[in-house]
Amino acid sequence: MEKAKLGTIEISKQAHNFSIGHFTIFSQTEREDLHGHNFQLQCNVTASLGEDGLIFDYAILKKIMKALCDELDEQTILPSKSPFLDISEDDAYIIAKFDKEKLYFLKRDVTVLDIANSTIEEFSYYFLNTLKDHPELQDKGIISLTVKIYSNPGQCGVANWSKS
């Protein structure tokens with residue numbers, strides 16, 4: 001029996017970027033000041049190579065990656081799973097309580113993500129899990145994904161998944 005031929009595509013396009021505000025939390029009483037970064041999303045996908053010489057129409061993946069970046073672009077990211085940050089809201093604001101501070105953000109300027117901290121490591125897993133579970137990618141025969149989130153050239157968080 002001939003082993004399946006696998007192909008890997010690396011997608012790293014300038015269009016797959018987003019700018020966010022965030023702060024990293026180091027402990028119950030220490031955090032960075034609120035600041036921003038321009039992030040770049042890169043994805044490697046491996047699947048069986050079809051008789052047509054394609055793993056699948058990866059324009060679908062590029063479209064999903066762009067949409068995910070656009071959702072976060074120009075937002076302040078708050079981590080809902082942080083043990084040190086309490087997030088609540090009123091009619092107009094998202095309120096983040098940290099130590100003795102209350103930080104008020106307009107609702108339209110905030111995205112609360114299901115992550116523990118606003119770090120490139122956590123962002124890479126957020127994108128990885130979102131991509132691997134995306135309905136449009138379920139029937140594409142993907143056997144592995146690697147996601148990298150760059151905060152600047154030479155510095156990235158990496159998350160890997162492979163089908164067992």
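The values are calculated or read from the model by the stated rules, or taken from the named source; none is laboratory data. Fair warning: this is a prediction, and the values are worked out from it, not measured in the lab. Positions of Cβ are backbone-derived with ideal geometry, glycine not excepted, and every protein chain shown enters the neighbour counts.
Structure above, values below:
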read-out: Hey, residue 149 in a loop (DSSP other than H, G, I, E, B), at pLDDT 95 or above, surrounded by 12 or more Cβ atoms within 10 Å (Cβ to Cβ) and touching a helix residue (DSSP H, G or I) at 6+ places or on another chain (Cβ under 6 Å) or not; value: no
read-out: Number of the exception - residue 52 against (1) modelled with pLDDT under 95; (2) under 27 Å from residue 153 (Cα atoms); (3) loosely packed, with under 13 Cβ neighbours inside 10 Å; (4) not hydroxyl-bearing (Ser, Thr, Tyr); value: (2)
read-out: Test for residue 15: is it within 24 Å of residue 152 (Cα to Cα), at pLDDT below 95 and surrounded by fewer than 16 Cβ atoms within 10 Å (Cβ to Cβ); value: yes
read-out: Yes/no for residue 61 being buried (at least 17 other Cβ atoms within 10 Å of the Cβ), more than 27 Å from residue 160 (Cα to Cα), at pLDDT 95 or above and in contact with a strand residue (DSSP E or B) (Cβ under 7 Å, 6 or more places away or on another chain); value: no
read-out: All strands (runs of 3 or more DSSP E) inside segment 1-67 with 2 or more residues being more than 23 Å from residue 111 (Cα to Cα) and touching a residue at least 24 places away in the same chain (Cβ under 8 Å); value: 6-11, 35-48
read-out: Of all residues in segment 78-131 being in a helix (DSSP H, G or I) and in contact with a helix residue (DSSP H, G or I) (Cβ under 7 Å, 6 or more places away or on another chain), the one that is surrounded by the fewest Cβ atoms within 10 Å (Cβ to Cβ); value: 130
read-out: All positions within segment 97-130 that are over 28 Å from residue 155 (Cα atoms) and aliphatic (A, V, I, L, M); value: 103, 106
